[in-house]
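S.K.: I have a structure here, written as structure tokens, and I will follow up with some questions on it.
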Amino acid sequence: MAIDISDAPPPTDTRTPVLQVRDLGVDFYVDGTWYPAATGISYDVRPGEVLAIVGESGSGKTQSSMALMGLLPPNGRARGSAVIGDRELIGMPSHKLRRIRGKEIAMIFQEPMTALNPVFTIGFQIVETLRTHFEMGPADARVRALELLRLVEIPNPETRIDAYPHQLSGGQRQRAMIAQALACDPKLLIADEPTTALDVTVQAEILKLMRDLRSRIDSGIVLITHDMGVVADMADTMIVMKDGKVVEQGEARRLFAAPQHPYTIKLLDAVPHLGRSTEVLDAERSQESGTTTAAPAADAPVATASDRAVVLEAENMVIEYPGRRRTPAFRAVDGVDLTIRAGEVVGLVGESGSGKTTIGRAVVGLLPVTSGALRIVGQDMVGASAKDLKPLRTKVGIVFQDPGSSLNPRLPIGESIAEPLLLHRGLKGAAMSKAVETLLDQVQLPRAMRNRYPHELSGGQRQRVGIARSLALEPQLLVADEPTSALDVSVQATVLALFQDLQREHGFACLFISHDLAVVEMLADRIAVMHNGKLVEVGQTAQVVNHPKDPYTQRLLAAVPVPDPAAQQARREARDALLEAQREELERDELLHAHDAEKIDAHDITDVDNERMTGRGF
């Protein structure tokens, strides 16, 4: 169903900016003083243009965009000018802003679990958006909501439309929020980390959807992200922010090719590139062929020894979510075999909803195993009681995907980090304070932040608190569920280096769950690929990245964006060709199966006719 947006005033001149921002500033009032979060921001967004705003967590990217929509907290204020069409947004009364939000300006928020209303179904929330801005009946709005859910590739949209946010995976929640943002075909879309929780295949589809939106109705897009591959894929122009100020801005291809500011150079250098294992593989082949006699580097990855202790062993593991009333049980993990040895890092990748996080939660005892076997550091997890699992808590740590909902909002972050030390090691007083400060240093957070609450930190800072908490007890096995998804690239590089240093120092094993294949390639010894609850491919990192065997793994790798606009355009074209070839092959297989079935049916009919004729004496 198409939506009439004729009452939204389109720009008469396509060269006229959809949004004009001049000298925008954002301040926060804390303890009697106004502190600047962003100052002197100026830019234009024209119809069909994508402006990317990049920078470190806490640099003012999100707050400057929140100011445009009047969504600053009570202690915040906005200065300067932001004009959409002929209307000034800064200082506009709330009742007028409500008519603009959703219809002319829409926003995709960073954390869907905290942005979606937990007491309403996702279908209700999309329908509410539509009926607020358009004269639509409930039935028509529901039909449109189903179209939007299909558009963002929510699985089983007819069922998921009546699901609550907590019943969806992180990526599915993000897709539901994107569907809500796109409901009214807005003229300006502000996307704050729109693909953070998405796997790369769905990310590629969402980016294609956003490209279609800007070409279909000439929407301008402000893209706030730390993923430089997404910037290379989408952005026409680019703004680099640091400490609340713009340090460099210009055409995206120029900034990627020849950055001028030292911070921009540092930011691009910190981006992980897919294909690092190709260099390692080429070096190994060169050594085998005798073309070089160079000795391997001292820190080169060493093959996992088969005699190392097994810390995780799963055999034909099945995990099901129980059914309710007429809803049958849902099998999230189906017959998985996986082994991780001491000191080994295994990357677990796959689509949102494929069962990755379910496995991670079962490993730490947060979900029961339905059948099969799962042993963690010698502990049989099948049928284990809470008493059996308590000693395991000191041996296994977990970093959750969503830092906003995994930290206690009533505790300062220092107490959240100290809690496992108090419960399991009995640390108190000066010893505990020293341990907390050491952990804050390791994740590069100022010690003064220990008395702040989670809502006072940015998304990236909250994620670092979660990492510090998980490492407090020096676990033998660490389950890292998207640990860097909320981090900008420079902090991500620091945290990944920290992971590698701690892993080498302490020798803990790690199940690294991520949709960022470039990060997984950098860290993992082996990669396991999941699809629809099954492991479709497991192998050494170089083999999986460079020579994938399963068609799904091939699609997964083809969807990974790279931080180079020209190379990314070539990869996008190659991906489209691969998808088209696989689609044609699937159609041929379906036709062959249908043809074979027709032949079998014809053969059966002929046999029956012969029997009838024989029985009648012919």
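S.K.: Taking ALA163 as the residue in question, decide whether it is small (Gly, Ala, Ser), over 29 Å from ASP44 (Cα atoms), out of contact with any Phe, Trp or Tyr (no Cβ under 7 Å at 6 or more places or on another chain) and part of a loop (DSSP other than H, G, I, E, B). Give the derivation first.
M.R.: Values: small (Gly, Ala, Ser): yes; over 29 Å from ASP44 (Cα atoms): yes; out of contact with any Phe, Trp or Tyr (no Cβ under 7 Å at 6 or more places or on another chain): yes; part of a loop (DSSP other than H, G, I, E, B): yes.
For ALA163, the condition - small (Gly, Ala, Ser), over 29 Å from ASP44 (Cα atoms), out of contact with any Phe, Trp or Tyr (no Cβ under 7 Å at 6 or more places or on another chain) and part of a loop (DSSP other than H, G, I, E, B) - is met.
S.K.: Right, next: Evaluate the following for GLU344: is it free of Cβ contacts under 8 Å to residues at least 40 places away in the same chain, among the acidic types (Asp, Glu) and out of contact with any helix residue (DSSP H, G or I) (no Cβ under 7 Å at 6 or more places or on another chain)?
M.R.: On the way: free of Cβ contacts under 8 Å to residues at least 40 places away in the same chain: no; among the acidic types (Asp, Glu): yes; out of contact with any helix residue (DSSP H, G or I) (no Cβ under 7 Å at 6 or more places or on another chain): yes.
Criteria not met by GLU344.
S.K.: Against the definition (within 30 Å of the chain's Cα centre (by Cα) and in the same structural domain as LEU473 (by the TED database)), how does ARG393 come out, yes or no? Before the answer, list the steps.
M.R.: Details: within 30 Å of the chain's Cα centre (by Cα): yes; in the same structural domain as LEU473 (by the TED database): yes.
The answer is yes for ARG393.
S.K.: Scan (1) open to solvent by less than 60 Å² (accessible area, probe 1.4 Å); (2) modelled with pLDDT under 90; (3) of a type outside the set (D, E, K, R); (4) outside the structural domain of LEU535 (by the TED database) for the single condition THR291 breaks and write down its number.
M.R.: All conditions pass for THR291, except number (1).
S.K.: In the set GLU474, GLU521, which member is surrounded by fewer than 21 Cβ atoms within 10 Å (Cβ to Cβ) and either at pLDDT 80 or above or in the same structural domain as GLY397 (by the TED database) (or both)?
M.R.: Values: GLU521 fails: surrounded by fewer than 21 Cβ atoms within 10 Å (Cβ to Cβ).
Just one listed residue meets the conditions, GLU474.
S.K.: May I pose another question? Within the range 98-105, does at least one residue satisfy the condition of being in a loop (DSSP other than H, G, I, E, B), within 31 Å of the chain's Cα centre (by Cα), within 25 Å of ARG214 (Cα to Cα) and of a type in the set (Lys, Arg)? Before you say what the answer is, go through the steps one by one.
M.R.: Of the range 98-105, the ones in a loop (DSSP other than H, G, I, E, B) are 102-104.
Keeping just the survivors that are within 31 Å of the chain's Cα centre (by Cα) gives 102-104.
Still in the list and also within 25 Å of ARG214 (Cα to Cα): 102-104.
Add one more test, that the residue is of a type in the set (Lys, Arg), and what stays is 103.
Checking the range 98-105: at least one residue is in a loop (DSSP other than H, G, I, E, B), within 31 Å of the chain's Cα centre (by Cα), within 25 Å of ARG214 (Cα to Cα) and of a type in the set (Lys, Arg).
S.K.: While we're looking at this one, here's another question. Answer with yes or no whether GLY353 is outside any strand (DSSP E or B) and within 26 Å of GLU505 (Cα to Cα). Reasoning before the result, please.
M.R.: Details: outside any strand (DSSP E or B): yes; within 26 Å of GLU505 (Cα to Cα): no.
Judged against the criteria, GLY353 is not a match.
S.K.: Another question, then. Would you tally the residues in the range 31-82 being among the acidic types (Asp, Glu) and either in a strand (DSSP E or B) or within 18 Å of MET234 (Cα to Cα) (or both)?
M.R.: 2
S.K.: Given the conditions (1) within 24 Å of THR201 (Cα to Cα); (2) in contact (Cβ under 8 Å) with a residue 24 or more places away in the chain; (3) open to solvent by 70 Å² or more (accessible area, probe 1.4 Å), report the number of the one that ASP140 does not fulfil.
M.R.: The failed condition is (1).
S.K.: Note down all Cβ pairs under 6 Å where the first residue falls in the range 55-72 and is charged (D, E, K, R), the second is assigned to a loop (DSSP other than H, G, I, E, B), and they're at least six residues apart or on different chains.
M.R.: So the pair list comes out as GLU56/ASP488.
S.K.: Test LEU97 against the stated conditions and say whether it is open to solvent by less than 20 Å² (accessible area, probe 1.4 Å), at pLDDT 90 or above and out of contact with any strand residue (DSSP E or B) (no Cβ under 7 Å at 6 or more places or on another chain). Working first, answer last.
M.R.: Values: open to solvent by less than 20 Å² (accessible area, probe 1.4 Å): yes; at pLDDT 90 or above: no; out of contact with any strand residue (DSSP E or B) (no Cβ under 7 Å at 6 or more places or on another chain): yes.
Judged against the criteria, LEU97 is not a match.
S.K.: Only one residue in LEU338, LEU348 is open to solvent by less than 20 Å² (accessible area, probe 1.4 Å), at pLDDT 90 or above and within 25 Å of ARG173 (Cα to Cα), so which one is that?
M.R.: LEU348
S.K.: Does any residue of the range 453-470 turn out to be assigned to a loop (DSSP other than H, G, I, E, B), in the same structural domain as PHE508 (by the TED database) and over 17 Å from SER406 (Cβ atoms)? Spell out the reasoning first.
M.R.: Step one: list which residues in the range 453-470 are assigned to a loop (DSSP other than H, G, I, E, B), which gives 453, 457-458.
Narrowing further to those that are in the same structural domain as PHE508 (by the TED database): 453, 457-458.
Narrowing the set further to residues that are over 17 Å from SER406 (Cβ atoms) leaves none.
Checked against the condition, which is being assigned to a loop (DSSP other than H, G, I, E, B), in the same structural domain as PHE508 (by the TED database) and over 17 Å from SER406 (Cβ atoms), the range 453-470 yields no hits at all.
S.K.: For the range 507-521, which residues satisfy the criterion of being outside any helix (DSSP H, G or I) and in contact with a Lys or Arg (Cβ under 8 Å, 6 or more places away or on another chain)?
M.R.: First, pick out the residues of the range 507-521 that are outside any helix (DSSP H, G or I): 507-516.
Within the range 507-521, ALA509, ILE513 qualify.
S.K.: What's the total number of residues in the range 83-94 that are assigned to a loop (DSSP other than H, G, I, E, B) and open to solvent by less than 40 Å² (accessible area, probe 1.4 Å)? Spell out how you get there, then give the answer.
M.R.: First, the residues of the range 83-94 that are assigned to a loop (DSSP other than H, G, I, E, B): 85-86, 89-93.
Now restrict to residues that are open to solvent by less than 40 Å² (accessible area, probe 1.4 Å): 89-90, 92.
Matching residues across the range 83-94 total 3.
S.K.: Here's a follow-up. Is it true that some residue in the range 497-504 is in contact (Cβ under 8 Å) with a residue 60 or more places away in the chain, crowded, with 23+ Cβ neighbours inside 10 Å and hydrophobic (A, V, I, L, M, F, W, C)?
M.R.: Checked the range 497-504: no residue is in contact (Cβ under 8 Å) with a residue 60 or more places away in the chain, crowded, with 23+ Cβ neighbours inside 10 Å and hydrophobic (A, V, I, L, M, F, W, C).
S.K.: Now for a different question. Of the residues ARG361, ARG325, which single one is of a type in the set (D, E, K, R), out of contact with any strand residue (DSSP E or B) (no Cβ under 9 Å at 6 or more places or on another chain) and open to solvent by 30 Å² or more (accessible area, probe 1.4 Å)? Talk me through it step by step, then tell me what you get.
M.R.: Details: ARG361 fails: out of contact with any strand residue (DSSP E or B) (no Cβ under 9 Å at 6 or more places or on another chain).
Being of a type in the set (D, E, K, R), out of contact with any strand residue (DSSP E or B) (no Cβ under 9 Å at 6 or more places or on another chain) and open to solvent by 30 Å² or more (accessible area, probe 1.4 Å) holds for just one of ARG361, ARG325, which is ARG325.
Listed here are the residues, each with its yes/no results for (1) closer than 28 Å to ARG173 by Cβ; (2) in contact with a Cys (Cβ under 7 Å, 6 or more places away or on another chain); (3) open to solvent by less than 40 Å² (accessible area, probe 1.4 Å).
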| position | (1), (2), (3) |
| --- | --- |
| GLY397 | yes, no, yes |
| GLN401 | yes, no, no |
| ARG410 | yes, no, no |
| ILE413 | yes, no, yes |
| ILE417 | yes, no, yes |
| PRO420 | yes, no, yes |
| GLY429 | no, no, no |
| SER433 | no, no, yes |
| THR438 | no, no, no |
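S.K.: Same structure again: Which residue pairs have Cβ atoms closer than 6 Å, lie 6 or more positions apart in sequence or on different chains, and pair a first residue in the range 357-372 that is more than 16 Å from GLN401 (Cα to Cα) with a second residue that is assigned to a loop (DSSP other than H, G, I, E, B) and of a type in the set (A, V, I, L, M)?
M.R.: Final answer for the pair search is VAL369/MET381; VAL369/VAL382.
S.K.: Part of a helix (DSSP H, G or I), crowded, with 16+ Cβ neighbours inside 10 Å and not aromatic (Phe, Trp, Tyr): is that true of GLY123 in this structure? Before the answer, list the steps.
M.R.: Values: part of a helix (DSSP H, G or I): yes; crowded, with 16+ Cβ neighbours inside 10 Å: yes; not aromatic (Phe, Trp, Tyr): yes.
Yes; evaluated as a whole, the condition is true for this residue.
S.K.: Out of all the residues in the range 546-554, is one or more among the basic types (Lys, Arg), assigned by the TED database to the domain that holds PRO483 and under 24 Å from ASP233 (Cβ atoms)?
M.R.: Let us first name the residues in the range 546-554 that are among the basic types (Lys, Arg), namely 549.
Applying the additional criterion that residues be assigned by the TED database to the domain that holds PRO483 yields 549.
Retained after the next criterion (residues that are under 24 Å from ASP233 (Cβ atoms)): none.
Scanning the range 546-554 turns up no residue that is among the basic types (Lys, Arg), assigned by the TED database to the domain that holds PRO483 and under 24 Å from ASP233 (Cβ atoms).
S.K.: With the requirement that a residue be in contact (Cβ under 8 Å) with a residue 60 or more places away in the chain, surrounded by fewer than 18 Cβ atoms within 10 Å (Cβ to Cβ) and either on the phi < 0 side of the Ramachandran plot or of a type in the set (S, T, N, Q) (or both), what does the range 23-41 give you?
M.R.: Matches in the range 23-41: PRO36 only.
S.K.: Here is a follow-up. Are there any pairs with C-beta distances below 6 angstrom linking a residue in the range 109-123 that is under 17 Å from MET69 (Cα atoms) to a residue that is open to solvent by 60 Å² or more (accessible area, probe 1.4 Å) and in a loop (DSSP other than H, G, I, E, B), with the two at least 6 apart or on different chains, and if so which?
M.R.: What qualifies is ALA115/PHE109.
The values are calculated or read from the model by the stated rules, or taken from the named source; none is laboratory data. Quick caveat, the model's predicted, so the values are computed rather than measured. All Cβ positions, even for glycine, are placed from backbone atoms using ideal geometry, and neighbour counts span all protein chains on display. Note: areas computed on protein heavy atoms with side chains; ligands, DNA, RNA excluded. Shrake-Rupley method; radii C 1.70, N 1.55, O 1.52, S 1.80 Å.
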